[in-house]
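Below you'll find the structure, written out as structure tokens, and then a few comments.
The values are calculated or read from the model by the stated rules, or taken from the named source; none is laboratory data. Remember, it's a predicted structure, so these values are computed and weren't measured experimentally. Neighbour counts are summed over all protein chains in view; Cβ atoms, including those assigned to glycine, are modelled from backbone coordinates with ideal geometry.
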Amino acid sequence: MIIQINKLTKTYQRHDGAINAVDNLSFEIPKGSFVTITGASGSGKTTLLLMLGGLLRSTSGKMLYNGNEINLHNEEELAKFRSNHVGFVMQSFALVPYLTAVENIMIALNVKNSDKAKNRKRAMELLEWVGLDDRTTHYPKELSAGQQQRVAIARSLANNPDLLLADEPTGNLDPALSEEILTLLSEINKNHNTTIVMVTHSPMAAEYGNVKIQLQNGKIISHN
């Protein structure tokens, strides 16, 4: 198992009382799996994803990564976990508009390695990996939506993550481009044994997962 969750809860205090966005969840994510998380808006999907990636502290519960407990209340430990093990793909591509495709990827690489020549070579390899080796010097505005998401995916792989978290990665794409991106994610999962957890509203996208979780009001109502 790459991740084990035990009684994970995230509580928000509101003027009309407390609400559990994620409510006492316990489950395991097998290494190399492609997990899809579905549910209506407000069911806790993104909250859960953010906690899995160490971007949001839990109220209670435990998370083990490769058998080692992650302190969900220690920001330094969470930052180290994110840097060493996790890649993120969001619905908004979040590319820097004044940087080329290769430079957008180098941003992530430069954080951990000051060797720019080495980082550029790695960025070029990642762009080739996602089928954009002929778009390395293009700016985001010169790329289609699908190409921009491919750059974002390449950037998310910069630190060779064991775990790739995707929040509605096809939310801004038409059906044809959505299928293209989902196929790419599936190839990353199968060819590189990268564990993927993807939140989606799309029943079609959910079918790409080999582990499917459905949430309702912060609780798991289906897991297969």
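Numbers at a glance
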item: Within region 156-176, considering residues that are crowded, with 23+ Cβ neighbours inside 10 Å and assigned to a loop (DSSP other than H, G, I, E, B), the one farthest from the chain's Cα centre (by Cα); result: THR170
item: Conditions (1) exposed (fewer than 13 other Cβ atoms within 10 Å of the Cβ); (2) among the small types (Gly, Ala, Ser); (3) at positive phi; number of the one not met by GLY39; result: (1)
item: Qualifying positions in region 177-211 - crowded, with 16+ Cβ neighbours inside 10 Å, under 24 Å from VAL102 (Cβ atoms) and out of contact with any Phe, Trp or Tyr (no Cβ under 8 Å at 6 or more places or on another chain); result: LEU177, GLU180, ILE181, LEU184, ILE188, THR194
item: Qualifying residue in region 159-173 (condition: of a type in the set (D, E, K, R) and more than 27 Å from ALA40 (Cβ to Cβ)); result: yes
item: In region 105-134, the residues that are surrounded by 13 or more Cβ atoms within 10 Å (Cβ to Cβ) and within 18 Å of SER83 (Cβ to Cβ); result: ILE105, MET106, ILE107, ALA108, LEU109, ASN110, ASN113, ASN119, ARG122, ALA123, LEU126
item: Some residue of region 62-71 being assigned to a helix (DSSP H, G or I), in contact with an Asp or Glu (Cβ under 9 Å, 6 or more places away or on another chain), more than 25 Å from SER202 (Cα to Cα) and modelled with pLDDT under 95; result: no
item: LYS31 basic (Lys, Arg), in a loop (DSSP other than H, G, I, E, B) and under 19 Å from ILE213 (Cβ atoms); result: yes
item: Filter result for SER26 (of a type in the set (Gly, Ala, Ser) and either under 19 Å from the mean Cα position of the chain (by Cα) or not in a strand (DSSP E or B) (or both)); result: no
item: Close pairs (6 angstrom Cβ cut-off, 6 or more residues apart or separate chains): in a helix (DSSP H, G or I) in region 74-85, among the acidic types (Asp, Glu) and modelled with pLDDT of 85 or more anywhere; result: HIS85/ASP162
item: Selection status of THR47, surrounded by 14 or more Cβ atoms within 10 Å (Cβ to Cβ), modelled with pLDDT of 90 or more and closer than 30 Å to ILE221 by Cα; result: yes
item: Residues satisfying the stated conditions in region 1-23, i.e. in a strand (DSSP E or B), under 22 Å from the mean Cα position of the chain (by Cα) and either crowded, with 18+ Cβ neighbours inside 10 Å or not hydroxyl-bearing (Ser, Thr, Tyr) (or both); result: ILE3, GLN4, ILE5, ASN6, LYS7, LEU8, LYS10, ALA21, VAL22, ASP23
